[in-house]
1. Excluding residues on the same chain fewer than 8 positions from A:Lys220, give the aspartates and glutamates whose Cα lies under 15 Å from its Cα.
2. Which pairs in the list B:Lys44/B:Lys133; A:Lys88/A:Lys141; B:Lys17/B:Lys100; B:Lys36/B:Lys100; A:Lys82/A:Lys347 are over 18 Å apart, alpha-carbon to alpha-carbon?
3. For A:Val69 paired with A:Lys292, estimate the spin-label separation in nm (one decimal), with each label point 7 Å from Cα along the Cα-to-Cβ line.
4. Check cross-link reach from B:Lys126 to the lysines: straight Cα distance under 20 Å, and skip same-chain residues fewer than eight apart.
5. Rank B:Ala71, B:Ser111, B:Ile205 by how far each Cα sits towards the positive end of the charge dipole of region B:66-210 (+1 on Lys, Arg Cβ; -1 on Asp, Glu Cβ) and give me just the farthest.
6. If I model a spin label as a point 7 Å beyond the Cα along the Cα-Cβ vector, how far apart are those points for A:Glu129 and A:Ser147 in nm?
7. Normalising by the residue count of region B:57-210, find the relative contact order in percent from Cα pairs under 8 Å and 6+ residues apart.
8. Using alpha carbons only, how many angstrom separate the centre of region A:12-77 from the centre of region A:329-389?
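The values are calculated or read from the model by the stated rules, or taken from the named source; none is laboratory data. Predicted model only: the values in this text are computed from it and were never measured. When we count neighbours, we look across all protein chains shown, and the Cβ atoms used for this are built from the backbone with ideal geometry, even at glycine. Just so you know, the surface numbers come from the protein's heavy atoms only, side chains and all, with ligands and any DNA or RNA stripped out. Shrake-Rupley method; radii C 1.70, N 1.55, O 1.52, S 1.80 Å.
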Amino acid sequence: MASTPSGTHGGMADFNIHHGFIEALIRGMRSSFLADSDYHHITQCETLEDVKLNMSETDYADAVSDLTVLTPSGLQSAAINKLVTEFKYVRTQAVEPLATFLDFITYEYMIENIMLLLKGALSGRDINELLAQCHPLGMFKESTMRSIPTFEANAKGFADLYQTVLVDTPVGPYFAMFLQESSNAMGGEVRNVIEEVEIEIIKSSLIKYWIEDFYQYVQKLGGETAEIMGDILMVRADTNAINITLNSFGTPLNEPVMRTSDRKRLYPAVGHLYPAGTHMLADVSTEEELGKVLDLFPQYTSIWSVHAAEAEMSIDDAFYERDVQALELAFESQMHFGCFYAYVKLKEQEIRNLVWITECILQAQKDEINKFVPVFSSHAPWRSSTKAR
Amino acid sequence: MSEVPPTRMNQQVFKGKKKAAESGHKLLKKKADALKVKFRDYAKMIAETKGSMSSDATTAFFSLTQAEYAAGNFKQKVAEGTLTARVRVGAGIDNVAGVKLPVFTPYETGSIADNQSLGLVGGGKKIVSVRDKFTVFLHQLIKLASLQTSFVTLDEAMKVTNRRVNALENVTIPKIQNILDYIDRELDELEREGQFFFSRVTIAIHYHCE
């Protein structure tokens, strides 16, 4: 039996040789998620001191004990640091191909950090302040990060920046593709791209390349991972496409000229909506047209109807619910890498929930406090049918 | 009192002064009353605006929380972007009952929002609603600031006017009145002296003629 890791990760027979221990770790960590009773206790708290008391009985006890006074932002950074510690521990235990898979997960945060550093450099902010605001999961070599803002904000500066700095980072290729595509579209001026194009659009393009790249990698791994992660990434890509279209109404991106040139370029080349759906989405200019396009795709009609009803939930909440449902399912089967991605994303959702609850308590908005999506909850709408036994 | 020679001319002069002072006093009193009315109006408007502002503030900040739930931490992205003001405050002067009060008016500079594609991949609607709610809050803030500066200036002006009214009432007019009384008395006495002298002279002449 070969013990050197190869490109694929093996199926039921040999997955556990290289990845059994780590998967067991992740499944152990799965039990650290806050349960319904924890959420219930925390939402009943009147002050943030009570919240701190309740949190010390959950898995967050260490993270919270360091905070003298609990604030929503303090809680958020403590929780994120806890997630990063756990992730780094798992990462150090991992071998190929799981190691690359875990790295792919961090690229998303790297992209965000790079954009933050670039934008901050343009506005001339202090490098240390910027580094403090970077997402810890997306940090790369400190020397590289420090050198990003030192480049001059002019034409030659950016070309240099790309060639010396960005090309070394794992997300370099995405930048290359983006600059290539923009220079083709804008007629040759590579350097002004970063200045003229809005930072969000650059980020959306990079995320698009990342999703496509991740999807290719996952397909190469084959087996259950290709199936489950493929599905998760397709849903992610579709969510992005729908959100970009929906949120572009009323902004310059919705102009007919911009729609085909710029907005279409932001749609990822994976997903249920690709290629027919994204082609139609590129021509959509109002919400009704968007609704008509989505009617053709049954898995998104329910989400769209939530948005159209404009009742209590917003479309973002509907997407979050759909995501949590899909990610929880990733834990239901074994012998694939989906549970690692799911763990990071579900932890993120939990952190979002905690920040939401503490903010509601702080701002005395108790009637809104239950508008979060709990993770692994037995009261979740998709589980209620199994309760009657 | 001793500096004013008690002549008829001075009597006329001071009578004129008294009339001027009294009419001035009446006008100032009218101005003080008008200012008092305006003062009460401003106080009421300030109380109303403050009341509505507290609810506006909570909705604005809560919509920010909702947007952060949907779109992640976008505060840094906004802070790092180019900050050109979209709404500016113009300072103007309003004339109220003769008092020049400063007023602030908001006006749009028309510069396009830099971060229009902020919530592109999620939370866009919430960010738009944050923008709207904070704009409402901002307008309330400007209104309140304008009202409060006007209020303070109005207060100053009212104090000054009241001081002048009181000064006229309790110092100037009584002083003039005292001078007038003195002149009257002196003139009376002069007349009496004159009469007395005249009567003594006529008695002396009669005595001599007999």
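1. Leaving aside aspartates and glutamates fewer than 8 places away in the same chain, those within reach of A:Lys220 are A:Glu96, A:Glu212, A:Asp231.
2. With Cα atoms farther than 18 Å apart: B:Lys44/B:Lys133; B:Lys17/B:Lys100.
3. Simple spin-label model gives 5.6 nm for this pair.
4. Correct list for B:Lys126: A:Lys203, A:Lys366, A:Lys371, B:Lys75, B:Lys77.
5. The listed residue farthest towards the positive side: B:Ala71.
6. Distance between label points: 2.5 nm.
7. It rounds to 22 percent for region B:57-210.
8. Here the answer is 12 Å between Cα centres.
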